[in-house]
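Asks: To start, I am sharing the structure in question, which I have written as structure tokens.
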Amino acid sequence: MARTDPAWDTEHLPDQTGRVFLITGATAGLGFFAAAQLARTGAHVILSGRNPNRLSASRAAIMRRVPEASTESILLDVTKGGSIRSAAATLRSRERLDGIILNAGVVHPPKEREEAEGHELVLQTNVLGHFALAGELLPALARTGLRTPGARMVWLGSVSVASWRSRDLAPELEAGYKMARAYVQSKFLVQALAAEADRRLRAAGVPVASVIAHPGYSLGGRSAGIAGVNQPSRLKRFLANLQAPIAQSKEAGATNEVRALIDPAVGPGDMVGPVGRLRGEPRITDRDARNPLTAISAEPEVGAAAWAFCEDATRTVWPFARFGR
């Protein structure tokens, strides 16, 4: 159910001059369009991705759209622990980091189960990599939050989680792997981690908010064509346009991530998604039992179990005690 919230003008975003944001998976899709939108606000935007050529293309595309933008790029592959630790060490050395959008992910899982660093590929990419990265970057976010309110981590959820009914998790999918199950379970786990991070950050008094954004049903085939970033085929355009009544562009989907990151009205534990669930303007929604997107993933027992699994799988312990008020 949509919560009453202040109007949000996606064309005239609040000034973010002096603030620094990181976006994972910024070389295409939602991540690119979120970076382009943030670049208009005066913020310094750090684009991350695993392919240097695509990073260069994405950054160049943003500079063509926003010539005065302040951007940089950093190599980061969320499927590789070494890459995560290296990028995090670089980012922790910066003077400030106001927010991160944990956007990178596998949207179309492989037909057969694959692994990355000993874990199921979709799980490693969508869940474990971002859990480890957020934990590694918590010191940088907390230091900024202690000086200037508003530090946030934004997790990317999905409308598909509304179809998830189970509390019995099998994260590695060693038996019964299916493409749809791999994706939906990964997004369920992301939302459970976001809710658990919110509880733990609040309990420890760490000045960093954990929020969820979901893009509704956003398609590249309904998005602007951009050389080196988004170049859908004619067939992809045709099929996407057939779904126009229920789908929107990646640009529109990205507005939810951006609002979740910079809107002062978004509080710890909130979710931002399209007003029509599948499409529409970004709105703040309740994260409670009345919201089918979060009814199970918001349960403390589910969050605690997901957290324990990720701590063990990534060998990452978030330093809450060091940065509590």
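Asks: Check S249: other-chain or 5+ apart residues with amide H under 5 Å from its amide H, H built from backbone geometry?
Replies: The list, which skips near neighbours in sequence, is L219.
Asks: On to the next question. Could you count how many Lys pairs in the chain have their Cα atoms under 23 Å apart, skipping same-chain pairs fewer than 8 positions apart?
Replies: 8
Asks: For a test of the definition: using alpha carbon positions, the gyration tensor, and the 1.5 limit on a/c, classify the range 164-219 as rounded, prolate or oblate.
Replies: The shape class here is oblate.
Asks: How long is the gain from A227 to K178 if the chain were fully straight, where each residue apart is worth 0.36 nm and the alpha carbon distance is subtracted?
Replies: Computed gain between A227 and K178 is 14.3 nm.
Asks: Place a point 7 Å from the Cα of T148 along the Cα-to-Cβ direction; which residues of the range 249-288 have their backbone N under 20 Å from it?
Replies: 258-268
Asks: If I take R0 = 35 Å and measure r between the Cβ atoms of E112 and R200 in this structure, what FRET efficiency does the formula 1/(1 + (r/R0)^6) give, to the nearest 0.05?
Replies: 0.45
Asks: Can you give me the long-range amide H partners of R152? Hydrogens built in the peptide plane at 1.01 Å from N, cutoff under 5 Å, separation of 5 or more residues or another chain.
Replies: Excluding prolines and chain starts, which carry no amide H, the hits are G99, I100, A209.
Asks: In the chain, what % of DSSP beta bridges are antiparallel (nearest 5)?
Replies: Taking every DSSP beta bridge with both residues in the chain, the antiparallel ones total about 25 percent.
Asks: Another one. What FRET efficiency comes out for the pair D5/S70, r = Cβ-Cβ distance, R0 = 35 Å, nearest 0.05?
Replies: 0.75
Asks: Another question about this same structure. Apply the a/c threshold of 1.5 to the C-alpha gyration tensor of the range 54-123 and tell me whether it is rounded, prolate or oblate.
Replies: Because a/c hits 1.5 or more and a/b fails to exceed b/c, the range 54-123 counts as oblate.
Asks: Label points 7 Å out from Cα along the Cβ direction at E299 and N51: separation in nm?
Replies: 4.0
Asks: What's the center-to-center distance, using Cα atoms, between the range 84-107 and the range 199-247 in Å?
Replies: 19
Asks: First check a/c for the range 128-259, with a ≥ b ≥ c the square roots of the eigenvalues of its C-alpha gyration tensor; if it is under 1.5, answer rounded, and if not, answer prolate when a/b is larger than b/c or oblate otherwise.
Replies: Judged from the Cα gyration tensor, the range 128-259 comes out oblate (a/c at least 1.5, b/c at or above a/b).
Asks: If the chain between S86 and R167 were fully stretched, how many nm would it gain, using 0.36 nm times the residue separation less the Cα-Cα distance?
Replies: Extending this stretch completely gives an extra 25.7 nm.
All of the numbers you see were taken from the coordinates with simple rules; none came from a lab. Bear in mind the structure is a predicted one, so any value in this text is a computation, not a measurement. All Cβ positions, glycine included, derive from the backbone under ideal geometry; neighbour counts span all protein chains shown.
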